[in-house]
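What follows is a set of notes on a single structure, which appears directly below.
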Amino acid sequence: MEVMPTSNENSPYKNAPDSPSRQLLWELSQMTISSQQRFHAHLDRESEARADEHRQALAVAAAKHDRVLQSVELERQRLEAQIQAERERRDNETRKELERQRREKAEREIEEKKRELERAKVIEGEQKKLAELERTKREAVEATRKQREQEQERADAARREQERRAAEQKQREDAQKQQPPPAKASSTAQPNKIAVLTPPEPAPAPSIPTPAPPQPSSSTASDNDSLWEAEHNQYLEIHQKLKELRKFMNEQGKTNKQLKTAMGEMRRGMRKCVGQLTEGKGANTEIVSRSPSFSPLSTNHPPSSQLKQILALLRSAVKFQPQPVVPIAPFLATSPTTSTPGPGLLIYLLSIFSKLVIGQFIDEASVSPKRADPVGIVASHIFALPDFQWQNTSTISILIAKFHAVCPVLFGIYGPENTVKGKERLGWWREESRTAGPFVSTQRHYERMTGIGAGFASLALRNYEKSKLRNPYPDGKYWEALAKISATPSEGLTQTHFVVLKAIVQGYEDRFVKFYGNAAVAALRLCLVSLPERAPEGIKGTAAVKGCSGLVDVIRKERKLVL
């Protein structure tokens with residue numbers, strides 16, 4: 001900025017005293033110059049002040065920037081230290097985890113080796129026991145065979161002796177006719193008495209064998225097949241007679257309106273009560289009258305009201321008059337002492353009840369097998385009551401006949417799953433009826449087998465030790481079912497066998513072991529370990545076989561039982 005001069009040395013008005021106006025102009029110019037000088041000086045001061053402010057602001061900003069840079073650097077160093085510490089911590093944790101895993105793996109390997117040694121010892125011991133049992137069985141069979149042979153020889157000898165004496169007697173009689181003896185001799189002679197042969201007592205029926213070795217001999221398997229086939233046919237005949245009874249009762253209802261009404265009401269009431277049997281701990285808290293000693297093994301009881309209503313319906317069927325009287329013996333697997341007729345309405349209602357029980361097993365237990373238990377409790381209790389027995393013989397054959405019809409695998413029956421005849425033998429149901437319509441799907445068939453298998457186990461594994469009643473279907477029947485499935489020839493095993501086997505074992509292994517102890521462990525090992533190993537190659541990788549063999553791990557984890 002240009003600075004104005006402080007005085008005008010060359011002004012023409014400086015030395016003009018003779019002219020006041022000029023003097024005044026000079027003074028005014030001097031005043032203007034002074035004012036401009038002051039103004040410019042003020043501007044210079046303000047500019048300098050602003051420059052100082054700017055310099056100070058710049059210094060403050062620079063200091064602040066330095067501080068920010070310093071804090072950023074410190075934060076960077078802190079974060080780097082934190083990241084390094086976290087990295088070291090993770091490395092330490094990873095190293096410790098790897099060490100822990102290696103240590104646990106080593107411990108598991110040691111434990112597994114110990115378990116293998118224990119399992120080998122147990123298997124060796126059980127094999128020795130099974131071998132001893134098999135040897136004892138063979139000795140018993142051999143002794144029975146020898147006894148039969150001896151009895152047969154004695155019978156043949158007695159028969160020959162009888163024939164010889166008869167021939168001698170005939171010869172003597174012929175000789176006496178040709179040469180008449182003296183009168184005295186004839187009057188005193190006594191004919192020789194003919195020996196009467198008493199037939200030997202029939203040998204006891206062969207018992208159902210314990211679980212057989214993995215590959216039974218062909219002769220033993222053939223004998224078992226014939227025996228089990230005959231028993232199966234007997235129950236199927238009972239099942240057929242029950243159908244005929246229902247037709248007969250319906251025909252009687254056409255002429256007896258009172259009977260028809262009672263049959264309808266009882267059938268509907270029975271269907272409602274059986275359908276309401278559900279699981280639940282302590283549900284059956286009220287003791288049923290006339291059966292105070294009933295104490296099943298399980299604590300899952302059905303509602304008392306449903307059980308009471310079922311008992312009331314059955315007792316009313318016994319007392320109902322008038323009603324048809326029918327022979328009871330054809331509906332029983334074991335014949336009673338006498339074959340007197342009895343109330344047809346009772347047998348009819350027991351047949352309805354049994355059919356509903358099977359239906360409940362299929363509908364409920366196929367989804368959740370544990371739901372079979374309350375139904376099995378009620379069924380076992382009802383057939384154990386003397387009210388519904390016939391001449392001290394349980395009528396549970398009615399229910400078992402239906403098991404034979406829907407799940408023959410439980411009773412030693414087998415056949416190919418890829419043929420119509422084989423499916424019928426395995427209990428493969430049809431869409432419309434037992435003999436008409438297409439077969440149900442594979443999934444539905446296996447669901448049915450699961451429910452029926454669980455229901456069979458719930459019926460057969462009931463504990464009556466503390467009960468005054470007699471078990472109508474003792475636990476030996478459960479053992480027989482396992483034995484019959486495990487004795488099936490390798491070429492006869494199907495996925496149905498393994499589905500049923502899993503259903504009757506899963507959830508019931510504790511009860512089975514309580515009944516049979518170490519023998520039950522050996523039987524489970526045979527069924528869940530040995531049997532899947534000898535399954536046909538075509539089904540070894542299927543879910544049915546894997547699910548059955550997978551129970552070994554489940555039992556080990558949940559039951560702490562090593563097979």
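FYI, it's all coordinate maths here, none of it is from the lab. Predicted model, so just to flag it, every value in this text is computed and none were measured. Heads up, the Cβs are rebuilt from the backbone with ideal geometry, glycines too, and the neighbour counts pull from every protein chain shown.
Taking the Cβ of residue 552 as the center, what net charge do the other residues with Cβ under 12 Å away carry, scoring Lys and Arg +1 and Asp and Glu -1?
+3
Label-point separation (nm) for residue 114 and residue 534, each offset 7 Å from Cα along Cα-to-Cβ?
Label-label distance for residue 114 and residue 534, simple model: 3.4 nm.
First select every other residue whose beta carbon is under 13 angstrom from the beta carbon of residue 95; then total the charges, Lys and Arg +1, Asp and Glu -1.
Around residue 95, the surrounding residues sum to +2.
Multiply the residue gap between residue 261 and residue 22 by 0.36 nm, knock off their C-alpha separation, and tell me the result in nm, one decimal place.
My answer for the length gained is 70.7 nm.
Just add up the charged neighbours of residue 348: K/R +1, D/E -1, any other residue whose Cβ is under 10 Å from the Cβ of residue 348.
Summing Lys/Arg as +1 and Asp/Glu as -1 gives +2.
Please arrange 361, 403 by counting, for each residue, the other beta carbons lying within 10 Å of its beta carbon, fewest first.
Result, fewest neighbours first: 403, 361.
By its C-alpha gyration tensor, with a ≥ b ≥ c as the square roots of the eigenvalues, how is segment 12-134 shaped: rounded for a/c under 1.5, else prolate for a/b larger than b/c, else oblate? Kindly include the intermediate steps, with their values, before the conclusion.
On the way: a/c = 25.29, a/b = 10.61, b/c = 2.38.
It is prolate, given that a/c is not under 1.5 and a/b is the larger ratio.
Taking amide H positions as placed 1.01 Å from N in the peptide plane, with prolines and chain starts having none, which residues 5 or more places from residue 390, or on another chain, fall under 5 Å of its amide H?
395
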